[in-house]
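Just below is one structure, and these are the notes that go with it.
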Amino acid sequence: MTKCILRGFFVLCSLTRATFAVEIGGSDSLNEVLQPALVAHLAKVGTEAKVRLDGTLPAREGLRDGKIGLALLFLRDGELLEKTSDGKAVRRFPLGAAAAYVYVHPSNRLPEIDLATLANIFGAGQRSDYKFWSDIPGVNTPEPILTFISVPNKHMAQTLFQGIALGGRAFKTSVRTQISTDLAQESVSSRTNAILVSATPLSEKFGRQIKVADGREGRSTTPYTPDDTNIFNGDYPLRLPVVLCVPESQVAPNAEIIKWLLSDEV
């Protein structure tokens, strides 16, 4: 199966000829980038299709009730999908993943970080509250930690970071969120005590990307870099797969559009 890593947002590929009708649903986090291009491609090849990326819950309900033929969903590893109401299984086709990237100033020698430490740095109401770098075990720098989030509004990277690293809790009020890419680059490159979570990779000249370990009970303590392989295979913990979900009865009728979504073509 051809696999395509979708970094931050998602690669769209050229669609081959198709003549069937289908309703496509999915996460609203994909709506802004994916829906206009998808509608345009379907119209170009003459496919009558209804595209409505208006949320994960309606898409999952549509799959179950047989109203949606294809659904683009963010799913945690091992997350179960219900069968359709007529008992048909739902096939999964992995398309890629959204990821969050962690950066510090180039002079910061912290080699790696785990999810619990990220929670204590960024999250409100956590078990510990790390305000200074020296609060982190093994770090002697007494400077206060400056925290930044460079993630566009409604981007899945912020949702997955809050869900995975912060356990669904809010950010501390001291965290600067939704800063622009330019400000993010300036913040982490000019402040030795800054730490940044970004929806997209930054150039090495602006900041040093650090490895992230899961570290939760029963999970790996090995830190991983967010390269394409570690993101797609699931070793890098700050990632959430986007999966094309198709009822078994809809796979054959919609083979061409499935092939397109799995294609490496840009």
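Going by the structure shown, is Glu32 acidic (Asp, Glu) and in contact (Cβ under 8 Å) with a residue 60 or more places away in the chain?
The answer is yes for Glu32.
Residues that are within 23 Å of Leu34 (Cα to Cα) and either in contact with a Phe, Trp or Tyr (Cβ under 6 Å, 6 or more places away or on another chain) or among the polar types (S, T, N, Q) (or both): does segment 50-57 have at least one?
Yes, that holds for at least one residue.
Restricting to segment 169-182, what's the tally of residues that are surrounded by 14 or more Cβ atoms within 10 Å (Cβ to Cβ) and either assigned to a helix (DSSP H, G or I) or among the basic types (Lys, Arg) (or both)?
4
Picking from Glu186, Glu217, which residue would you name as being farther than 16 Å from Val102 by Cα, in the same structural domain as Asn108 (by TED's automatic domain parsing) and acidic (Asp, Glu)?
Residue meeting the stated conditions: Glu217.
Taking segment 127-136 as the search range and keeping residues that are outside any helix (DSSP H, G or I) and of a type in the set (Phe, Trp, Tyr), which one is farthest from the chain's Cα centre (by Cα)?
Phe132
Within segment 70-118, track down each residue that is touching a residue at least 40 places away in the same chain (Cβ under 8 Å), in contact with a Gly (Cβ under 9 Å, 6 or more places away or on another chain) and of a type in the set (Gly, Ala, Ser).
Ala71, Ala97, Ala98, Ala99, Ala116
Mind checking whether some residue in segment 201-210 is within 26 Å of Asn31 (Cβ to Cβ), part of a loop (DSSP other than H, G, I, E, B), touching a helix residue (DSSP H, G or I) at 6+ places or on another chain (Cβ under 7 Å) and at pLDDT below 95?
There is at least one residue in segment 201-210 that is within 26 Å of Asn31 (Cβ to Cβ), part of a loop (DSSP other than H, G, I, E, B), touching a helix residue (DSSP H, G or I) at 6+ places or on another chain (Cβ under 7 Å) and at pLDDT below 95.
Residues are listed down the side, and each one gets a yes or a no for (1) out of contact with any strand residue (DSSP E or B) (no Cβ under 9 Å at 6 or more places or on another chain); (2) under 20 Å from Gln185 (Cβ atoms); (3) assigned to a loop (DSSP other than H, G, I, E, B); (4) not assigned by TED's automatic domain parsing to the domain that holds Gly207:
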{"site": "Asn120", "(1), (2), (3), (4)": "yes, no, no, no"}
{"site": "Gly125", "(1), (2), (3), (4)": "yes, no, yes, no"}
{"site": "Gly138", "(1), (2), (3), (4)": "yes, no, yes, no"}
{"site": "Thr141", "(1), (2), (3), (4)": "no, no, yes, no"}
{"site": "Asn153", "(1), (2), (3), (4)": "yes, yes, yes, no"}
{"site": "Gln162", "(1), (2), (3), (4)": "no, no, no, no"}
{"site": "Gly167", "(1), (2), (3), (4)": "no, no, yes, no"}
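Can you pull out the residues in segment 80-103 that are closer than 20 Å to Thr229 by Cβ, assigned to a strand (DSSP E or B) and of a type outside the set (Ser, Thr, Tyr)?
Arg92, Phe93, Pro94, Leu95, Gly96, Ala97, Ala98, Ala99, Val102
Is it the case, given these coordinates, that Arg239 is in contact (Cβ under 8 Å) with a residue 24 or more places away in the chain, within 23 Å of Asp135 (Cβ to Cβ) and out of contact with any Leu (no Cβ under 6 Å at 6 or more places or on another chain)?
For Arg239, the condition - in contact (Cβ under 8 Å) with a residue 24 or more places away in the chain, within 23 Å of Asp135 (Cβ to Cβ) and out of contact with any Leu (no Cβ under 6 Å at 6 or more places or on another chain) - is not met.
The values are calculated or read from the model by the stated rules, or taken from the named source; none is laboratory data. Given the structure is predicted, the values throughout are model-derived calculations rather than measurements. Every residue, glycine as well, gets a Cβ built from its backbone with ideal geometry; the counts of neighbours run over all protein chains shown.
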